[in-house]
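Have a look at the structure below before the remarks.
The values are calculated or read from the model by the stated rules, or taken from the named source; none is laboratory data. In this text, all values refer to a predicted model and were calculated from it rather than measured experimentally. When we count neighbours, we look across all protein chains shown, and the Cβ atoms used for this are built from the backbone with ideal geometry, even at glycine.
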Amino acid sequence: MSLIKSISGIRGTIGGEIGENLTAIDIVECTAGYGWWLLKNHKNPTVIVGRDGRISGELVSGLSINTLRSLGVHVIDLGLSTTPTVEMAVTQHDAQGGIIFTASHNPKNWNALKFLNEKGEFISAKDGEKILKYIRKKKMNFAEVDSLGRYESKPDFFDKHIFAILDLDIIDTALIRSKNFKVVVDCINSTGALAIPKLLDALNCKYHLINKEPNGEFAHTPEPLPQNLTELMSKTKSKKADLGIAVDPDVDRLALVSENGEYFGEEYTLVACADFVLSQEKGNTVSNLSSSRALADITERRKGKYFASAVGEVNVVSMMKKKKAVIGGEGNGGVIYPKLHYGRDSLVGIAFILNHMAQTGLSLSQIRHTYPSYVMIKNKMKLTSDDALEKMFKKLKKEFKHEKINDIDGLKIDFKEGWVHLRKSNTEPIIRIYAESTSEKLANKLISKVQSKIS
């Protein structure tokens with residue numbers, strides 16, 4: 001069992017010992033820290049909340065909502081929702097913050113509270129540290145009975161989210177609708193089953209849903225990786241669909257399956273979306289250090305400039321603003337389009353992919369073949385301690401001092417034939433080891449080359 005309190009929120013496994021797992025006490029304390037931070041910065045703040053389909057979602061959200069109200073914070077509850085929908089609702093309601101109850105790709109026994117600021121974006125590291133300080137000190141004043149926060153339920157904000165996507169100048173709704181695309185969707189028993197059909201209906205797509213009951217009983221490991229999407233790949237091919245779509249439980253990561261039943265590659269979701277956007281808008285792109293080189297290749301092909309950020313959505317967004325990127329995101333299938341909002345959004349990614357297919361007249365597999373072919377390997381190691389990690393990085397810097405080294409986030413070593421990136425996970429007690437090259441054999445060789453120096 002596990003509990004991780006970080007600058008971005010609180011994540012852990014349900015049940016168990018206080019302070020070691022995500023218990024009711026931990027949920028109340030962390031929510032109170034966030035609420036107190038809001039009260040220090042805003043008068044009579046309102047918070048938008050929403051949850052994915054997890055079994056524990058209603059319980060966790062209920063504890064958090066009533067904690068906010070007991071502080072005098074007003075709450076608008078979207079109920080079952082998606083991460084990008086909550087993010088957009090914050091600004092559309094002129095709220096001062098938001099909380100998303102989701103553990104993203106983690107198994108069903110996990111849940112989390114992800115904190116947003118008044119822009120509907122994840123809080124900064126600086127603000128996160130302030131919240132953690134409030135939690136540690138436990139010095140917060142709660143409201144008296146006449147000053148308790150109000151509660152309002154708005155259970156169907158999806159329509160406004162989808163309308164905002166279809167209203168984007170870049171989306172040719174009529175063209176997409178004219179193609180009558182056929183789609184298979186793996187909803188992973190969460191809120192994708194509620195949001196994605198609304199978008200596909202608006203775009204005149206025929207669709208078949210699998211794992212469509214939003215009950216939190218995930219039919220497979222919820223991370224949208226190829227080994228977890230065998231049913232989607234099979235159904236996409238057998239039903240002769242134009243593409244298959246998979247999302248994670250909170251619908252901010254998008255994975256695709258081509259019409260032939262082959263996995264498109266989560267790293268190439270952002271690449272394809274960026275290719276479409278850059279065909280309409282000239283500009284720069286951003287992804288994190290652990291994302292594929294293919295985005296840089298496509299950006300340069302479209303006469304733009306590519307920039308890399310530290311891992312983490314907040315870091316990508318910061319770099320996107322700094323470099324005025326027209327699109328960005330992360331190689332895990334996270335697409336960020338600033339003209340909609342600064343957050344990973346599977347729904348806008350789906351619209352981009354459909355528009356790209358309609359515009360080019362190419363199948364998804366044909367589109368994939370227009371991009372450079374890289375293979376990425378994603379491994380992990382158990383993290384024993386932060387001290388051990390620092391010693392490891394120091395040794396690797398010495399061993400590979402003649403290679404290009406980047407240490408703004410963990411350690412990335414660029415070789416002529418590819419790269420290896422090692423970093424501490426933000427969500428699990430592990431070290432992530434990613435490598436990319438032109439073949440799986442070469443990528444594995446690079447990982448072995450680096451791991452051989454760790455002993």
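Of the residues screened, Leu270 is not one that is more than 26 Å from Tyr306 (Cα to Cα), crowded, with 18+ Cβ neighbours inside 10 Å and in contact with a strand residue (DSSP E or B) (Cβ under 6 Å, 6 or more places away or on another chain). Of the residues making up the stretch 122-180, those that are of a type in the set (S, T, N, Q), at pLDDT 95 or above and surrounded by fewer than 16 Cβ atoms within 10 Å (Cβ to Cβ) number 4.
For the residues Leu442, Leu446, Leu411, the requirement of being within 29 Å of Lys114 (Cα to Cα) and at pLDDT 90 or above singles out Leu411. Asp387 passes every criterion in (1) surrounded by fewer than 19 Cβ atoms within 10 Å (Cβ to Cβ); (2) of a type in the set (D, E, K, R); (3) under 30 Å from Ala89 (Cβ atoms) apart from (3). Regarding Ile408, is this residue assigned to a loop (DSSP other than H, G, I, E, B), touching a residue at least 12 places away in the same chain (Cβ under 8 Å) and out of contact with any Gly (no Cβ under 8 Å at 6 or more places or on another chain)? It is true that Ile408 is assigned to a loop (DSSP other than H, G, I, E, B), touching a residue at least 12 places away in the same chain (Cβ under 8 Å) and out of contact with any Gly (no Cβ under 8 Å at 6 or more places or on another chain).
Listed here are the residues, each with its yes/no results for (1) at positive phi; (2) surrounded by 14 or more Cβ atoms within 10 Å (Cβ to Cβ); (3) outside the structural domain of Gly312 (by TED's automatic domain parsing).
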site: Lys395; (1), (2), (3): no, no, yes
site: Lys401; (1), (2), (3): no, no, yes
site: Gly418; (1), (2), (3): yes, yes, yes
site: His421; (1), (2), (3): no, yes, yes
site: Ile447; (1), (2), (3): no, yes, yes
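Among the numbered conditions (1) assigned to a helix (DSSP H, G or I); (2) over 27 Å from Ser8 (Cβ atoms); (3) in contact with a helix residue (DSSP H, G or I) (Cβ under 6 Å, 6 or more places away or on another chain), the only one that Lys212 does not meet is (1).
One line per residue, one yes/no per condition, for (1) closer than 23 Å to Asp345 by Cα; (2) within 25 Å of the chain's Cα centre (by Cα):
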| position | (1), (2) |
| --- | --- |
| Ile4 | no, yes |
| Ser8 | yes, yes |
| Gly19 | no, no |
| Thr67 | no, no |
| Leu78 | yes, yes |
| Ala89 | yes, yes |
| Gln96 | yes, yes |
| His105 | yes, yes |
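Within the stretch 310-320, the presence of at least one residue that is among the small types (Gly, Ala, Ser), surrounded by fewer than 23 Cβ atoms within 10 Å (Cβ to Cβ), modelled with pLDDT under 95 and under 15 Å from the mean Cα position of the chain (by Cα) is confirmed. The C-beta contact set for the stretch 207-235 (first residue more than 18 Å from Glu259 (Cα to Cα), second residue modelled with pLDDT under 95 and crowded, with 16+ Cβ neighbours inside 10 Å, distance under 6 angstrom, 6+ apart or interchain) comprises Pro222/His105; Glu223/His105. When the residues of the stretch 4-19 are filtered to those that are buried (at least 20 other Cβ atoms within 10 Å of the Cβ) and of a type in the set (Gly, Ala, Ser), the one that is modelled with the lowest pLDDT is Ser8.
When the residues of the stretch 12-30 are narrowed to those that are acidic (Asp, Glu) and assigned to a helix (DSSP H, G or I), which ends up nearest to Lys133 (Cα to Cα)? Here the answer is Glu29. Only a single item in (1) closer than 18 Å to Pro249 by Cβ; (2) at pLDDT 95 or above is not met by Trp36, and it is number (1).
With the structure loaded, tell me whether Arg69 is of a type in the set (D, E, K, R) and in contact with a Ser or Thr (Cβ under 7 Å, 6 or more places away or on another chain) or whether it fails that test. When the stated conditions are applied, Arg69 does not pass them. When every residue of the stretch 437-455 is checked against the conditions, at least one turns out to be acidic (Asp, Glu) and within 28 Å of Gln227 (Cα to Cα).
Just one residue in the set Phe264, Phe307, Phe276 is of a type outside the set (S, T, N, Q) and modelled with pLDDT under 95; that residue is Phe307. Sort through Ile433, Ile367, Ile377 and tell me the only one that's surrounded by 15 or more Cβ atoms within 10 Å (Cβ to Cβ), assigned to a helix (DSSP H, G or I) and β-branched (Val, Ile, Thr). Among Ile433, Ile367, Ile377, only Ile367 is surrounded by 15 or more Cβ atoms within 10 Å (Cβ to Cβ), assigned to a helix (DSSP H, G or I) and β-branched (Val, Ile, Thr). Would you confirm whether any residue within the stretch 252-262 is in contact with a Pro (Cβ under 7 Å, 6 or more places away or on another chain), in the same structural domain as Ala174 (by TED's automatic domain parsing) and without any contact (Cβ under 8 Å) to a residue 40 or more places away in the chain? No, the conditions are met nowhere in the stretch 252-262.
Restricting to the stretch 156-193, name every residue that is assigned to a helix (DSSP H, G or I) and over 22 Å from the mean Cα position of the chain (by Cα). Across the stretch 156-193, the qualifying residues are Thr173, Ala174, Leu175, Ile176, Arg177, Ser178.
Residue-by-condition table, conditions (1) of a type outside the set (S, T, N, Q); (2) in contact (Cβ under 8 Å) with a residue 60 or more places away in the chain; (3) more than 23 Å from Gly333 (Cα to Cα):
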position	(1), (2), (3)
Ile350	yes, yes, no
Ser385	no, no, yes
Pro429	yes, yes, no
Lys449	yes, no, yes
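The C-beta contact set for the stretch 18-30 (first residue in contact (Cβ under 8 Å) with a residue 12 or more places away in the chain, second residue in a strand (DSSP E or B) and loosely packed, with under 15 Cβ neighbours inside 10 Å, distance under 9 angstrom, 6+ apart or interchain) comprises Ala24/Ile18; Asp26/Ile18. All conditions in (1) surrounded by 19 or more Cβ atoms within 10 Å (Cβ to Cβ); (2) at pLDDT 95 or above; (3) at positive phi hold for Asn204, with the sole exception of (1).
Answer yes or no: is there a residue in the stretch 338-349 that is in a strand (DSSP E or B), over 15 Å from the mean Cα position of the chain (by Cα), within 20 Å of Glu281 (Cβ to Cβ) and at pLDDT 95 or above. So far as the stretch 338-349 goes, no, none of its residues is in a strand (DSSP E or B), over 15 Å from the mean Cα position of the chain (by Cα), within 20 Å of Glu281 (Cβ to Cβ) and at pLDDT 95 or above.
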